[in-house]
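Asker: Pasting a structure below so you can have a look.
The values are calculated or read from the model by the stated rules, or taken from the named source; none is laboratory data. Remember, predicted model here, so these are calculated numbers, not experimental data. No Cβ is skipped: glycine too gets one built from the backbone with ideal geometry, and neighbour counts run over all protein chains shown.
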Amino acid sequence: MASSVATPIGIIGGTGDQGRGLAFRFATAGLEVLIGSRDADRANKVAEEFGLPNLRGTDNASVATACAIAIVAVPWSGHEATITELASFLGGKIVIDCVNPLGFDDKGAFALSVAEGSACQQAQKLLPESIVIGAFHSVSSMSLLDPSITDLAIDVLILGDDRAATDQVAALAECLPGARGIYAGRLRNAGQIEALTANLISINRRYKAHSSLRITL
């Protein structure tokens, strides 16, 4: 499946847990992966820690320029500013948004309201020359980063308006061990998928688990 995926895969904000986990798994699957950060030295250091020759780190702008497919994995607080800054480098590319707009208080995680409807829709508004696809919202970063887990046993819900692009992202998702890419609707349906992550976090806290999704087809 990896041979059908355009590379390099660029992970914007790749030094966080989700970004590092996806980078590790995709590189382990044999894909060329670029980790991005505002600080190129930090990104390079994170990449070197994995010790994989096909995993490199540099600044976000360089990653956005060089990648074939970009994954946005920044904190929600930096989502709009980061995408706006990189828009000119991402034109014509598939941009996967896995950002969950969540808040946290003493009662736990909760979904935040987004003017555009979702983080994915905000990204598409800011990237009119790119194809934005929603995916990887509910993949546990702790499971991704644990090399002892050889079967993630997850379904990755994929949202988008371009059939060829959603198929490409499904192929990328299936580079993760034990993962299936499942089309889950158009980009306008991304909000409820992003919000569902708050429920998964609540499950994890109550049951001391790393929950994920499986769809019965």
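Asker: Does the range 106-121 contain any residue that is touching a Lys or Arg at 6+ places or on another chain (Cβ under 6 Å) and under 23 Å from GLY181 (Cβ atoms)?
Answerer: No, the range 106-121 has no match at all.
Asker: Collect the residues in the range 181-199 that are of a type in the set (D, E, K, R) and under 15 Å from the mean Cα position of the chain (by Cα), keeping them in residue-number order.
Answerer: Within the range 181-199, just GLU194 meets the criteria.
Asker: Taking only the range 200-213 into account, find how many residues are assigned to a loop (DSSP other than H, G, I, E, B) and more than 18 Å from the chain's Cα centre (by Cα). Explain how you work it out, then say what you get.
Answerer: The first filter runs over the range 200-213 and keeps only residues assigned to a loop (DSSP other than H, G, I, E, B), leaving 208-213.
Now narrow it down to the ones that are more than 18 Å from the chain's Cα centre (by Cα): 208-209.
Qualifying residue count, the range 200-213: 2.
Asker: Restricting to the range 154-191, and then to whatever is in a helix (DSSP H, G or I) and of a type in the set (Gly, Ala, Ser), can you tell me which residue is surrounded by the most Cβ atoms within 10 Å (Cβ to Cβ)?
Answerer: Per the stated criteria, the residue is ALA190.
Asker: For the range 192-210, indicate whether the set of residues that are touching a Cys at 6+ places or on another chain (Cβ under 8 Å), surrounded by 14 or more Cβ atoms within 10 Å (Cβ to Cβ) and at negative phi is non-empty.
Answerer: yes
Asker: Kindly state which strands (runs of 3 or more DSSP E) lie completely within the range 63-151 and contain at least 2 residues that are surrounded by 19 or more Cβ atoms within 10 Å (Cβ to Cβ) and at pLDDT 95 or above.
Answerer: Qualifying strands (runs of 3 or more DSSP E): 69-72, 94-97, 131-134.
Asker: What about ILE35, is it among the aliphatic types (A, V, I, L, M), assigned to a strand (DSSP E or B), out of contact with any helix residue (DSSP H, G or I) (no Cβ under 6 Å at 6 or more places or on another chain) and at pLDDT 95 or above?
Answerer: No; evaluated as a whole, the condition is false for this residue.
Asker: Tell me the residue from ALA81, ALA47, ALA64 that is farther than 20 Å from ILE203 by Cβ and touching a Phe, Trp or Tyr at 6+ places or on another chain (Cβ under 6 Å), please.
Answerer: The conditions single out ALA64.
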